[in-house]
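What follows is a set of notes on a single structure, which appears directly below.
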Amino acid sequence: MANDTQAPRQWTVPASTGAVLGRGAIRGARWRFLAEASTVLERSLEYKETLTNVVRLVVPALADYAGIALLDGEGSLTWGYSAHCDAAKEPLVGRLQAYQPQLTVADNPAAKALRSGETQVVEVVDDAFLRAFADDATHLGLIRQLAPTSIIFLPLAARDRVLGSLVLATTRDSDRRYTDRDVAIANEVARRVALAVDRALLFRAAEEAARSREQLVAVVSHDLKNPVATIDMAVSFLLEELVPNDAAHEHEREQLHAIHRSTKRMYRLIHDLLDAAAIEAGHLRVAQSPLAADVLVADALELLAPLAAPKRIALVTKMAPALPPVAADRERVLQVFSNLGGNAVKFTPNDGRIEIHTLLRDAMVAFEVRDTGPGMASDELPHVFDRYWQGTRTARGGVGLGLAIAKGIVEAHGGAISVTSEPGQGSCFAFTLPAATIAN
């Protein structure tokens, strides 16, 4: 390392220079590296994984040590992820992360890079630079242990806003220093990194907004249960105790029955919203116990019969022989049958047919709900189990949660659910449940 009297060589690389240098300097393996960098940075939209990928991309290919620091809402830099090519130095890297870059120091190259939007290069790092850069004596000692020999501070900007900084450093361990060619390729990498980080930040913001919306829906739905229950009980009391069941009060009773039906529908909607929130949060609980497949199907038919009768829809079963019991939560599985069967009844025309088949697939028992409805187009099938999605079939109703909830319940049991359909050929929804293990 240079002595204290030698002034470290530092220079600024304008934002446009990297591309100019790149045309003449980056060849062969460097272009392959940039192509690989683009591939690596596009692998994930998840924020933390993106930051990790950024640092692992440049260490050790471009740096012995690298760190990515991002601006927070208050305008301060916070380390997102750092790494060293020597795994034994990871404890040192962790201690260095406690010291955030000081943006208020005028000569700090990290601050210069962010203010100007231009790359700052310290070609030769000496002890004078380290003392000027360090926050205190402890920080200085840690940087001396890192032993940087040259450093590049790269601003990260996308969509006309500064996101943070990427810091690359060579160290005494590798005995190398940065050249103009290294700076050129670093600038190319920084541009790709800025776009990847920006995408990850947008994705994280969208996820946080979705979580907030789901939490709000869950809270509101939960709070609605009590007033809806009060309305339901009041209507029941009026029907049973106060409004006589005679011709003179027929109109009043019709209105009360309409309110009663609406409260039941509100109850179902509230429970659907709560179930959807539980599934999204991974909190849906199922109490599995051994249940006979034929008994589950019989219970499902009992649920569907009142719905199918007004449309004269035939309900048919086809049971494979000697099926093992399934490990299932009875009420939850009946909810799946209710959602799938309810949809089948809704879309099957009068005098149609709905079949429930059971069969054995490896260690799983499969249940199929087939209908003779209008079917679905191939471009609709990938979205069938999405929340709030409804297809283009003529009969509509509900908010599009039933199939998403059915999927969540089946997967919570360790099973899988799928659909096959063609226009004019009806639809077949199939789900599997694990066979129960019966102790001898």
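The values are calculated or read from the model by the stated rules, or taken from the named source; none is laboratory data. Owing to the predicted nature of the structure, the values given are computational and were not obtained by experimental measurement. Every residue, glycine as well, gets a Cβ built from its backbone with ideal geometry; the counts of neighbours run over all protein chains shown. These accessible areas exclude ligands, DNA and RNA; they are computed on the full protein's heavy atoms, side chains included. Shrake-Rupley method; radii C 1.70, N 1.55, O 1.52, S 1.80 Å.
Projected onto planes of every orientation and averaged, the convex hull of the alpha-carbon atoms in the range 93-143 covers 3.9 nm². Assuming charge only on the beta carbon of Lys and Arg (+1) and of Asp and Glu (-1), the dipole of the range 223-292 about its Cα centre is about 340 debye to the nearest 20. Ranking L163, A128, P423 by how far each Cα lies toward the positive end of the dipole of the chain (charges on Cβ) leaves A128 at the top. Between A128 and S212, the modelled label-to-label distance comes to 5.0 nm, taking each label 7 Å out from Cα in the direction of the beta carbon. Compute the Kirkwood hydrodynamic radius of the range 34-159, taking the inverse of the mean of 1/r over all pairs of distinct Cα atoms, and give it in Å to one decimal. Hydrodynamic radius (Kirkwood, Cα only) of the range 34-159 equals 15.5 Å.
Between the helical axis of 180-237 and the longest alpha-carbon principal axis of the chain there is an angle of about 30 degrees. In the context of the full set of protein chains, residues of the chain present 51 Å² of accessible surface per residue (probe radius 1.4 Å, heavy atoms only).
Each residue, E302 and A363, gets one label point 7 Å from its Cα in the Cβ direction; the gap between the two is 3.1 nm. In a simple Cβ point-charge model (Lys, Arg +1; Asp, Glu -1; nothing else charged), the chain has a dipole of about 1060 debye relative to its Cα centre. With respect to the chain, whose longest principal axis is taken over its alpha-carbon atoms, helix 402-412 is tilted by about 70°. With only the Cα atoms considered, the range 135-215 has a convex hull volume of 150 Å³ per residue. Counting every Cα pair in the range 271-323, what percent are over 13 Å apart? So the portion of pairs separated by more than 13 Å is 72 percent.
If you take the Cα centroid of the range 38-61 and the Cα centroid of the range 271-329, the two points sit 44 Å apart.
Here the extension length gained between E90 and A377 equals 97.9 nm, from 0.36 nm per residue of separation less the Cα-Cα distance. The portion of the accessible surface of the chain made up by carbon and sulfur, rounded to a whole percent, is 54 (1.4 Å probe; DNA, RNA and ligands excluded).
Given R0 = 41 Å, the distance between the Cβ atoms of A309 and E42 translates into a calculated FRET efficiency of 0.15.
Computed across the range 302-362, the Kirkwood hydrodynamic radius from all distinct Cα-Cα pairs reaches 12.8 Å.
In a fully extended conformation the segment linking T78 and E411 would gain 116.0 nm over its present Cα-Cα distance, using 0.36 nm per residue. Return the tail of the calculated pair distribution for the range 322-392, meaning the percent of Cα-Cα pairs more than 14 Å apart. Percent of Cα pairs beyond 14 Å in the range 322-392: 69. Size descriptor for the range 191-298, Kirkwood hydrodynamic radius: 18.3 Å (Cα pairs only, one decimal). Principal axis analysis of the Cα atoms in the chain yields extents of 106, 52, 49 Å, listed in decreasing size.
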